[in-house]
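To start, the structure itself, in structure tokens.
The values are calculated or read from the model by the stated rules, or taken from the named source; none is laboratory data. Fair warning: this is a prediction, and the values are worked out from it, not measured in the lab. All Cβ positions, glycine included, derive from the backbone under ideal geometry; neighbour counts span all protein chains shown.
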Amino acid sequence: MKFGPVPVEEAVGRILAHNLADAQGNRLFRKGRRLTPEDVARLKAEGYREVVVAELEPGDIGEDEAARRIALACEGPNLRRMPAAGGRVNFLADTTGVFLVEIAPLEQLNRLPGITMATLPRGTVVRARQIVASLKIIPFGLPEAIVARAEALLQKNGPLMGVYPFQPRRVALILSGHPAVWPRLIADFEGPLQERVLACGGIWVGTQTVRYEESELAQAMEAALGQGADFLILAGETAIMDEEDIAPRAIRRIGGRVEAFGAPVDPGNLLLIAYYGEIPILGAPGCARSRHRNVVDWVIPRLMAGLRLTREEIASMGHGGLLEDVEERPAPRWISSSP
């Protein structure tokens, strides 16, 4: 693509690079306009002798067509691709759910000259018709070779992004601890967790309380599964502290498998993710009793959308996983405030 100043008489058929105003300061022509003989005559009448223009060369593709082709190769499930305008294509969610984007291919796409793609963070909960991504071609045109490279990159890696709708999962909460604290456990955990589940379109099956013993916890999980629950949340008087703790042992006792213990998210490091077949089991840390943002706000929506959380996915949450300013927390009693 050629780009630069030319005498105004030579600008016919070329693309105007900058907005231009008339003598009164009113906009005369907007950048991106392909200048006609009438446009050039008006520019001359306004005193313009030179303008900055772009001109596509053989093998170049205009910005809108380049954006359209790359956008077509980007889209995945439940996305609506808007028409290209000014080299830009916006993507809208077609449903309420969880937005996922593959970060490595996105970074590779953004390394190609003249192409930019901005998206919401991976794992964002979105509503229908919300803009989730925006593709912009920077110059007024791209070489065919660059567009073809972008298409090949996106086709090689599968869908770059998509929105995954919430499913009407039947969720059961099992709280464990000493019987004397059961009323407090229900008061602390049930409301915040139920609100999160219902916000994702879930069905609240109910809450059980048991002693924090392997056999009782295993029996409670089997009972919930027998009642049709397809998502279990475990919480209690004490957080899970090890993969050999009581809750993980109870999960294995009923035939489940621990996928990940510990998460690089604060608040919420003591998170456990397990599965009984395809049924997720969330071992919630103590911060789940809070309505402030914590790790369960990252994992409950994904599990409610039917997305399988792997150890690798949990590990990737470290970037951005510091969810509050730790300097604002009160210092533990054993840390002296004196110099």
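For segment 124-138, what are the residues that are buried (at least 20 other Cβ atoms within 10 Å of the Cβ) and not β-branched (V, I, T)?
A133, L135
Out of the residues in segment 171-191 meeting the condition of being surrounded by fewer than 20 Cβ atoms within 10 Å (Cβ to Cβ) and touching a residue at least 12 places away in the same chain (Cβ under 8 Å), tell me which one is nearest to C74 (Cα to Cα).
E190
S176 - would you say it is within 30 Å of K2 (Cβ to Cβ) and hydroxyl-bearing (S, T, Y)?
Against the criterion (within 30 Å of K2 (Cβ to Cβ) and hydroxyl-bearing (S, T, Y)), S176 does not qualify.
Output the residue which, of all residues in segment 56-81 that are more than 30 Å from V126 (Cα to Cα) and crowded, with 18+ Cβ neighbours inside 10 Å, is farthest from the chain's Cα centre (by Cα).
Within segment 56-81, the match that is farthest from the chain's Cα centre (by Cα) is L56.
If you take the residues of segment 40-63 that are of a type outside the set (A, V, I, L, M) and without any contact (Cβ under 8 Å) to a residue 24 or more places away in the chain, which of them is nearest to E151 (Cα to Cα)?
Ranking the qualifying residues of segment 40-63, first place goes to P58.
For the structure I just gave you, tell me whether A229 is of a type in the set (A, V, I, L, M), more than 30 Å from R127 (Cα to Cα) and not in a strand (DSSP E or B).
Taking the combined requirement at face value, the residue does not satisfy it.
Residues checked against (1) at pLDDT below 95; (2) crowded, with 17+ Cβ neighbours inside 10 Å; (3) under 24 Å from L185 (Cβ atoms):
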{"position": "D245", "(1), (2), (3)": "no, yes, yes"}
{"position": "A250", "(1), (2), (3)": "no, yes, yes"}
{"position": "G255", "(1), (2), (3)": "no, no, no"}
{"position": "A274", "(1), (2), (3)": "no, yes, yes"}
{"position": "R308", "(1), (2), (3)": "no, no, no"}
{"position": "R311", "(1), (2), (3)": "no, no, no"}
{"position": "S337", "(1), (2), (3)": "yes, no, no"}
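Taking the conditions exactly as written (surrounded by fewer than 18 Cβ atoms within 10 Å (Cβ to Cβ) and farther than 29 Å from P105 by Cβ), does P159 satisfy them or not?
no
Could you please tell me which pairs satisfy a Cβ distance under 7 Å, a separation of 6+ or placement on different chains, a first residue in segment 108-131 that is closer than 20 Å to I300 by Cβ, and a second residue that is among the aliphatic types (A, V, I, L, M) and in a loop (DSSP other than H, G, I, E, B)?
Close Cβ pairs satisfying both conditions: V126/L120.
Do we have A41 as among the aliphatic types (A, V, I, L, M), at pLDDT below 95 and farther than 16 Å from L142 by Cα here?
Taking the combined requirement at face value, the residue does not satisfy it.
Output the qualifying pairs, or none if there are none: Cβ atoms under 8 angstrom, residues six or more apart or on different chains, first residue in segment 66-86 and under 18 Å from P139 (Cα atoms) and in contact (Cβ under 8 Å) with a residue 40 or more places away in the chain, second residue of a type in the set (K, R) and in a helix (DSSP H, G or I).
The qualifying pairs do not exist here.
So that you can scan it fast, the table gives a plain yes or no per residue for (1) charged (D, E, K, R); (2) assigned by TED's automatic domain parsing to the domain that holds A145; (3) closer than 17 Å to E151 by Cα:
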position	(1), (2), (3)
R80	yes, yes, no
L92	no, yes, no
L100	no, yes, no
R111	yes, yes, yes
R122	yes, yes, no
R127	yes, yes, no
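Hey, among the residues in segment 102-123 that are over 16 Å from Q155 (Cβ atoms) and out of contact with any helix residue (DSSP H, G or I) (no Cβ under 7 Å at 6 or more places or on another chain), which one's surrounded by the most Cβ atoms within 10 Å (Cβ to Cβ)?
Step by step, filter segment 102-123, then rank; the result is L120.
Which residues, taken from segment 176-193, are of a type outside the set (A, V, I, L, M, F, W, C) and within 20 Å of A274 (Cα to Cα)?
S176
Within segment 226-245, can you find the residues that are within 23 Å of P179 (Cα to Cα) and in contact (Cβ under 8 Å) with a residue 40 or more places away in the chain?
Matches in segment 226-245: L232, I233, L234, A235, G236, E237, T238, A239, I240.
If I300 satisfies all but one of (1) surrounded by fewer than 23 Cβ atoms within 10 Å (Cβ to Cβ); (2) over 21 Å from Q219 (Cα atoms), what's the number of the condition it fails?
It is condition (1) that I300 fails.
Taking the stated definitions as given, is P105 assigned to a loop (DSSP other than H, G, I, E, B) and in the same structural domain as V132 (by TED's automatic domain parsing)?
Here the answer is no, as P105 does not meet what is asked.
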